[in-house]
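Some notes on the structure that comes next.
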Amino acid sequence: MIASVFGGLRQRPWTALCVGLLTSVAAHAASAANCPGHPDAIGTSRTIVVDPRAHPIIGTMQYGKTLPLEDHEVVLTFDDGPLPKYSNQILDILAAHCAKATFFLVGRQANDNPEGVRKVRDAGHTVATHSQNHPVGMDRLPLDRSKQEIEQGIASVTAALADGTAPAPFLRIPGLRVNDGIEQFAASKGLQIWSADFPADDWRDVSANRVYDLAMQRLERKGKGILLLHDIQARTVEALPRILRELKARGYRIVHVVPATPDRPATPTEPQQWLLHPPSEMVAISRWPKVPKFASAGPAVLPVPALSHLDWHTTDLGVRAARRGRGVPLPPAALWPRQTTLPPAGTLAALPVPAASIFKIPESARMTLLAASARRATSTAQARSTEVSAKLAGKSRRHGHAAAAQPPASAGQAEQTPQSAGGITPKPAAQAKRNGRSVRVAGLKKR
């Protein structure tokens, strides 16, 4: 059945382009202004049609691509339903805001509550699938078991719809636990695996305020994308109205996503639109003023200097080099400059005079350069001050160590002077004799 849905997607380019443009224009009309009785509703700004075979995996939580959204556009998705107690309340909240979403339904839930599946369809939302039994570690299951989970989930939701139609070929793996085998199987069936761009962690044991905070904080960091929520949680029911109101207050827009069919071709897009942040948005822009072309001040010209005007003093270069050399002399080389053909005397070449506007710097750039110069000057002064202080501190430490290394003089030593009473310094021999040692002088022993 899935193959039959996508059997006739190939259309002529011009037909696809025209239909896509008409769909986009019509989608913009479905806004908050067309939500009767709810003037403060956020509404649905537009609907985009995607071809799962052209883009089999999306969502930057796991993949490099996401839906082709513009800045401040959000796609709402809900997992794990339908569960009457909470799913019906989610549908009522979305209806009050005229906001469309995509519901990834569990096959077992659809079997237990087929009416809930039809309510999602009748409200104009996209019905997608989320496996049959929601296994937690689907990536660890044998591939045959994973295939069975996917196919049974689609069959159960198809049976619950009970109108001969199949759900959208959009698939979200439980817990986003995918592997290469699952991705290849899904692609072979024409299914598009949806990850997400940011979750609100509403499946965890957190408060509704925390769900709101996480949704808005992560959306602000991304700027756009697919929001992952669950329609089986009381905290999600409580947080959703506040999330929708805040989305509108901050200028965000809701986008509805539907699959392409033979009668509904995919919305024309460019490859870079499937990136969360195209490269063109991340290229640095130079702040230095650019001169588009060389500007001349006028007809005035300046003479070009000739080589004969330059005094190189190289006439005795070879002689001095040979005089200094002590090794084997090298063959003489021609002096520089070598033979050059000079223009005839009196012939002057001319260059255009640069205009003064070339050397003008914009005021903003000038202030930036002045500020940078001031910072460099301050840094240099601080570095010099630190260096001088370090030198002074080093000298003080050296003087302190020298004073501490010199032993203090005793009282008797302090009274002695290096000279005798007559002002004559004692001889070494006499000093040694007083110390009880004999001294040899010129080979004789002094007695």
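The values are calculated or read from the model by the stated rules, or taken from the named source; none is laboratory data. Predicted model only: the values in this text are computed from it and were never measured. All Cβ positions, even for glycine, are placed from backbone atoms using ideal geometry, and neighbour counts span all protein chains on display. In case anyone asks, the SASA skips ligands and DNA or RNA and just uses the protein heavy atoms, side chains included. Shrake-Rupley method; radii C 1.70, N 1.55, O 1.52, S 1.80 Å.
A few remarks follow.
- Relative contact order for segment 125-266, counting Cα pairs under 8 Å that sit 6 or more residues apart, in percent: 20
- From most to least packed by mean Cβ count within 10 Å, the peptides 100-107, 215-222 give 100-107, 215-222.
- Under Karplus coefficients 6.51, -1.76 and 1.60, residue-wise ³J(HN,Hα) of segment 208-213 in Hz, glycine/proline x: 5, 4, 5, 4, 4, 4
- Farthest positive-ward along segment 49-139 dipole, Cα basis, beta-carbon charges - from N111, M61, A101: N111
- Simple label model, 7 Å out from Cα along Cβ direction - D122 to D263, nm: 2.1
- Average accessible area per residue (Å²) across segment 137-249 - probe 1.4 Å, nucleic acids and ligands excluded: 40
- Gyration tensor (alpha-carbon) shape descriptor, segment 156-234, a/c threshold 1.5: prolate
- Cα centroid of segment 141-186 to Cα centroid of segment 35-108, whole Å: 19
- Protection proxy ranking, highest mean first, for peptides 78-85, 205-212, 117-124: 78-85, 117-124, 205-212, where packing is the per-residue count of other beta-carbon atoms within 10 Å, averaged.
- FRET efficiency for A159 and S188, using Cβ-Cβ distance with R0 set to 22 Å, rounded to 0.05: 0.45
- Placing +1 on the Cβ of every Lys and Arg and -1 on the Cβ of every Asp and Glu, with nothing else charged, gives segment 148-284 a dipole about its Cα centre of roughly 500 debye.
- In this structure, E387 and A355 have a Cβ-Cβ separation that, at R0 = 41 Å, corresponds to a calculated FRET efficiency of about 0.35.
- Charge dipole (debye, nearest 20) of segment 22-171; +1 at Cβ of Lys and Arg, -1 at Cβ of Asp and Glu: 200
- Pairs beyond 20 Å (Cα-Cα), from K189/K224; K65/K222; K222/K248; K65/K119: K189/K224; K65/K119
- In order along segment 98-107, phi translates into HN-Hα couplings of 6, 9, 9, 9, 10, 10, 9, 9, 7, x Hz, rounded to whole numbers, per the Karplus curve 6.51 cos²θ - 1.76 cosθ + 1.60 with θ = phi - 60° and x for Gly and Pro.
- Using the Cβ-Cβ distance between S373 and N111 with R0 set to 60 Å, the FRET efficiency from 1/(1 + (r/R0)^6) comes to roughly 0.20.
- Segment 102-234 shape via C-alpha gyration tensor axes, a/c threshold 1.5: oblate
- Cα-based shape type of segment 160-291, given that a ≥ b ≥ c are square roots of the gyration tensor eigenvalues and the cut on a/c is 1.5: oblate
- Residues whose amide H lies under 5 Å from that of R46, counting only those 5 or more places away or on a different chain, are H256; hydrogens are built 1.01 Å from N in the peptide plane.
- Once backbone amide H atoms are built at 1.01 Å from N, I226 has V75, D197, F198 as its partners under 5 Å, excluding neighbours fewer than 5 places away on the same chain.
- ³J(HN,Hα), Karplus 6.51/-1.76/1.60, whole Hz, each residue of segment 120-128, x for Gly, Pro: 4, 5, 5, 7, x, 7, 8, 9, 10
- Estimated translational D of segment 78-175 in µm²/s (Stokes, Kirkwood radius over Cα pairs; 4 °C; 1.567 mPa s): 97
- Relative contact order (%) - criterion: Cα under 8 Å, at least six apart; region: segment 79-186: 28
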